[in-house]
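Trainee: Can you read through this structure? Questions will come right after.
The values are calculated or read from the model by the stated rules, or taken from the named source; none is laboratory data. Computed from a predicted model, the values in this text were never measured in an experiment. Neighbour counts are summed over all protein chains in view; Cβ atoms, including those assigned to glycine, are modelled from backbone coordinates with ideal geometry. Protein only, heavy atoms only, side chains kept; ligands, DNA and RNA dropped before computing areas. Shrake-Rupley method; radii C 1.70, N 1.55, O 1.52, S 1.80 Å.
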Amino acid sequence: MTSRSLFGAAVFLAVVVLGFSAELSNQSVAAREAQLATGASPEALFARYCLGCHNGRLRTAGFAIDELDFKAVHVDAEAWEKVVGKLRAGSMPPPGRPRPDAATYRTVAALIEDALDRAWAANPQPGRINAIHRLNRTEYRNAIHDLTTLDIDVDSLLPGDETADGSFDNFADVLGFSTAHLERYLSVARQVTRQAVGLPPTSAGVETFEIPLHIVQDERQSEQLPLGSRGGLAVPYHFPVDGEYQIAVRLRRQYQDYLMGMGWPQQLDVRLDGALLRRFTVGGDAPGSPAAASYAGDGEPGFAADPEWEAYMQTTGDSGLEVTVPVTAGPHVVGVSFVRELWEPEGLPQPLQRGRVITNDQIYMGYAAVRAVDIGGPFSVTGTVSDTPSRRAIFLCEPATVSDERRCATHILSSFARRAFRRPVTADDVDELLTFFDVGRSEGGSFETGIQFALERILVDPDFLLRVYRDPVDAASGRQAYALSDLELASRLSFFLWSSMPDETLLALAEQGELSNPEIFENQVRRLLADSRATSALVDDFAAQWLNLRRVGEVVVDPRQYPNYDETLLEAFTEEVELFVASTLTEDLSVRTLLDADYTFVNERLARHYGISGIYGSRFRRVTLDNLQRRGGLLGAGALLATTSYPDRTSPVLRGKWLVDNI
């Protein structure tokens, strides 16, 4: 493993940030060796190049370097950090004045950094964060998944998270707790626990999953859809109970509600977990005479079609695309897609219609597309409860008789609360939860309803929603550093690397007081980093915010200048960077690879945009780049270039600012 590897850097960062003094890097040795080779020293450099201006009499720029003591850098550590910054940038002395050579700049900067590191290690001042740290939406979603195995869409259920400076959303200082948060947490806790336990909804409901208008559906859209399919979407969906559900499909329309691509028959499949439920034929049977090919809606003189054609295109063309099917409770995948049929249009080639133009034409002889999928139900409940993953995670025991229920409830609730609170539970904790169990059992009439009500109480407890940092009661006042407890280490480490709560291994080590052992701690850091959750957290959460990937969907492109742009390409931009950053982590590559890699990840759509030949299909794969002057590393990624441009042209200013701020 190289000293510059991302994995190694993450291990070092985890150990240092969380309070352990690590052995200083080889930089100090290299600095001293370089000093012997060059004869450079900070005092000599300052006397020759700096004191003429930055002395106690002139105080140029309000800075007097003769008042700083190199043998006691800890006294003015902030000032010394500024000196290092100027030396590393080579910005002082100013142009036109005598300057040292590059080797001297590097050597003196390394010597000062070495002195600062040693001063900090001798008397660490780690600082502190806000005393209360609310879980952000990502952490809340991950914690719910780890507790119940459920994947919930928190973005639509919880208020957005604030950011301190428009960058990251996990700063404790700005993650407030409002009345809106409290109301939504109460609602989501009930929804999640009822679904996890397997209680039927109070009434049948409908959830809608839409595809954005500017997603082009000419190819296979997902790895969860069958080969040879086109368009549509795959919906991972948790069916709450065994029952009958309805899946309805609505087709895409242009801005005046005319169906698109209905001039010829096309086959539309509805699937559940890959199994075909029903195949529909859509289009090709519109009655009457159609309107002109350029028709864009009622009101254009001379272009009106027969009334029955109008009714078909606006109301009845996609009616009846519904399937009613019995489904067992638990996670399933609902797939909707067209059977792919390849064809080439006859006649004169027409320009591509992308951007806003795609909404103006019904593309009568083009491909039809899916607008939305509605999943409704349950319309009838069988009365049985399936053995779902969420029930297996919660129900560690099943009471054989009514007299066994309280004992079993104690086991279930104490185990769930221990993981949710990230600490051992007390007798008072268990007694309170059993009180809620008794109320739920009495009002709902079943063991499951009692467990659900107690779990709901856990998910609105401050010990779950908040990470509270308390100073030890015997801690000295002021800025005195103190050791974190093992439980605090476990929580900080897991939220740092996984954006979630500790797992059983980490929590057990903390409870046994073994996690503070440096060797065991480092082993746990490496174990967490090797887990796929670390890659997901570092890519989808950290890198997505660091590299502004969450802004890619907001990119607006002038369709007249760039007619080939669409949201399918923007989605490919994002996935390319995510796969690229993930590869540097999982393969333990140098940090420099982020900037000078000779490979990237593309599918057919992105490869066509980049001018890379021989790539077919929607699956992303790794390719070696031939021209590193155009592509290679983050700075050549379409996602970063698109977010630092104007709609109709590039912008060196926006990209320069992005480089300064982010790289």
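Trainee: Kirkwood hydrodynamic radius for the chain: how many Å is it when counted over pairs of different Cα atoms? Mind showing how you got there, number by number?
Mentor: Numbers: mean 1/r = 0.0336 Å⁻¹.
About 29.7 Å for the chain.
Trainee: Which value in nm describes the separation of the simple spin-label points at ALA372 and TYR482, placed 7 Å from the Cα toward the beta carbon?
Mentor: Going by the 7 Å Cα→Cβ label model, 5.5 nm.
Trainee: Turning to a different aspect of this structure: How much of the accessible area of region 463-620, in percent, comes from carbon and sulfur atoms when a 1.4 Å probe is used? Intermediate results must be reported in sequence, preceding the final value.
Mentor: On the way: 3760 of 7650 Å².
Of the solvent-accessible surface of region 463-620, carbon and sulfur hold 49 percent.
Trainee: Let me check I've understood the local charge: for ILE612, count other residues with C-beta under 15 angstrom from its C-beta, Lys and Arg +1, Asp and Glu -1. What total comes out?
Mentor: Taking every other residue near ILE612 into account, the sum is +3.
Trainee: To the nearest 10 Å², what's MET260's accessible area with a 1.4 Å probe?
Mentor: That residue has around 10 Å² of solvent-accessible surface.
Trainee: Further question: So if each residue of separation counts as 0.36 nm, and I subtract the Cα-Cα distance between ARG99 and ARG526, what length gain in nm does that give? Working shown, then result.
Mentor: Details: separation 427, 0.36 × 427 = 153.72 nm, distance 4.47 nm.
So the chain would gain 149.3 nm between ARG99 and ARG526.
Trainee: Please state the relative contact order of region 517-615 as a whole percent: Cα pairs under 8 Å, 6+ residues apart?
Mentor: On the way: 51 pairs, mean separation 24.3, N = 99.
Relative contact order for region 517-615 comes out at 25 percent.
Trainee: Given just the C-alpha atoms of region 417-560, how large is their convex hull per residue in cubic angstrom?
Mentor: On the way: hull volume 30.3 nm³, N = 144.
Given the Cα convex hull of region 417-560, per-residue volume reads 211 Å³.
Trainee: Would you calculate the separation in nanometres between label points at ARG392 and ARG118, each defined as 7 Å from the Cα along the Cα-to-beta-carbon direction?
Mentor: 5.7 nm
Trainee: Moving on. Evaluate E = 1/(1 + (r/R0)^6) for TYR469 and LEU51, where r is the Cβ-Cβ distance and R0 equals 45 Å; express this FRET efficiency to the nearest 0.05.
Mentor: Working: r = 45 Å, r/R0 = 0.99.
The computed FRET efficiency comes out at 0.50.
Trainee: Using only the Cα atoms of region 394-436, what do you get for the radius of gyration and for Dmax, in Å?
Mentor: Cα-based Rg and Dmax for region 394-436 come out at 10.4, 31 Å.
Trainee: Once you have the Kirkwood Rh of region 65-135 from its Cα pairs, apply Stokes-Einstein at 25 °C and 0.890 mPa s and quote D in µm²/s. Walk me through the intermediate numbers first.
Mentor: Numbers: Rh = 14.1 Å.
Translational D for this selection: 174 µm²/s.
Trainee: Can you tell me which lysines have their Cα less than 26 Å from the Cα of LYS657? Leave out same-chain residues fewer than eight positions away.
Mentor: Filter leaves LYS82, LYS86.
Trainee: By Kyte-Doolittle mean hydropathy of at least -0.5 and Cα axial length of at least 24 Å, which whole DSSP H helices of the chain are selected?
Mentor: Numbers: long enough: 102-122 (30 Å, 0.36); 179-197 (27 Å, -0.27); 427-444 (25 Å, -0.24); 567-586 (28 Å, 0.59).
Length and hydropathy pass: 102-122, 179-197, 427-444, 567-586.
Trainee: Suppose all protein chains stay in the model; what accessible area per residue would a 1.4 Å probe give for the chain, in Å²? The partial results should precede the final answer.
Mentor: On the way: 33770 Å² over 663 residues.
About 51 Å² of surface per residue is accessible.
Trainee: Starting from the Cα of ARG621, step 7 Å along the direction of its Cβ; do the same at GLU341; then give the gap between the two resulting points in nm.
Mentor: About 2.9 nm separates the two model spin labels.
Trainee: With n ≥ 4 as the cut-off for DSSP H runs, can you work out [θ] at 222 nm for the chain, using -39500 (n - 2.57) per run divided by the number of residues, rounded to the nearest 500?
Mentor: Details: 23 runs with 250 residues, N = 663.
Calculated from helices alone, the mean residue ellipticity at 222 nm is -11500 deg cm²/dmol.
Trainee: Taking 0.36 nm per residue of sequence separation and subtracting the Cα-Cα distance, how much length would be gained by fully extending the chain between LYS71 and GLU162, in nm to one decimal?
Mentor: Details: separation 91, 0.36 × 91 = 32.76 nm, distance 4.27 nm.
Working it through step by step, the gained length comes to 28.5 nm.
Trainee: What FRET efficiency do you get for THR410 and GLU514 if R0 is 22 Å and r is their Cβ-Cβ distance, rounded to the nearest 0.05?
Mentor: Numbers: r = 27 Å, r/R0 = 1.23.
The value I calculate is 0.20.
Trainee: Using a 1.4 Å probe on the protein heavy atoms, what percent of the accessible area of region 75-222 belongs to carbon and sulfur? Before the final figure, lay out each step's value.
Mentor: Working: 3980 of 7590 Å².
Carbon and sulfur atoms account for 52 percent of the accessible area of region 75-222.
Trainee: Same structure again: If you add up the charges near ILE247, with Lys and Arg at +1 and Asp and Glu at -1, over every other residue whose beta carbon is less than 15 angstrom from its beta carbon, what do you get?
Mentor: Values: positive: ARG250, ARG271, ARG278, ARG279, ARG371; negative: GLU207, GLU210, GLU244, ASP269, ASP273, ASP318, GLU322, ASP374.
The answer is -3.
Trainee: At R0 = 30 Å, how high is the FRET efficiency between GLU81 and VAL653 if r is their beta carbon distance? Nearest 0.05 is fine.
Mentor: On the way: r = 28 Å, r/R0 = 0.95.
Given R0 = 30 Å and the Cβ-Cβ separation, E is 0.60.
Trainee: Right, something else. Note down the net charge around LEU640, summing +1 for each Lys or Arg and -1 for each Asp or Glu among other residues with Cβ under 13 Å from its Cβ. Write out the running numbers ahead of the final one.
Mentor: Values: positive: ARG550, ARG551, ARG631, ARG655, LYS657; negative: GLU576, GLU578, ASP661.
Within the 13 Å Cβ shell, the charges total +2.
Trainee: For the chain, calculate the relative contact order in percent as a whole number, restricting contacts to Cα pairs under 8 Å that are 6 or more residues apart.
Mentor: Numbers: 1004 pairs, mean separation 102.0, N = 663.
This gives 15 percent for the chain.
Trainee: Can you find, among VAL206, PHE46, PHE338, the residue sitting farthest towards the positive end of the charge dipole of the chain, where Lys and Arg contribute +1 and Asp and Glu -1 at Cβ?
Mentor: PHE46
Trainee: Taking Cβ-Cβ under 4.7 Å as the only way to count a partner, pick out the unpartnered cysteines of the chain.
Mentor: CYS50, CYS53
Trainee: Then there's this: Just to check I understand the Karplus step: with θ = phi - 60° and J = 6.51 cos²θ - 1.76 cosθ + 1.60, what whole-Hz values come out for region 248-261, glycine and proline as x?
Mentor: So the J values, rounded to whole Hz, are 10, 10, 10, 8, 6, 10, 7, 5, 9, 6, 8, 4, 9, x.
Trainee: For region 560-663, what D do you get in µm² per second when you plug the Kirkwood radius from alpha-carbon pairs into Stokes-Einstein at 10 °C and 1.306 mPa s?
Mentor: Numbers: Rh = 14.4 Å.
Using the Kirkwood radius from Cα pairs, D works out to 110 µm²/s.
Trainee: Here's a follow-up. Any chance you could check the Cα centroid distance between region 507-568 and region 108-153 for me, in angstrom?
Mentor: Taking the Cα centre of each part, region 507-568 and region 108-153 sit 14 Å apart.
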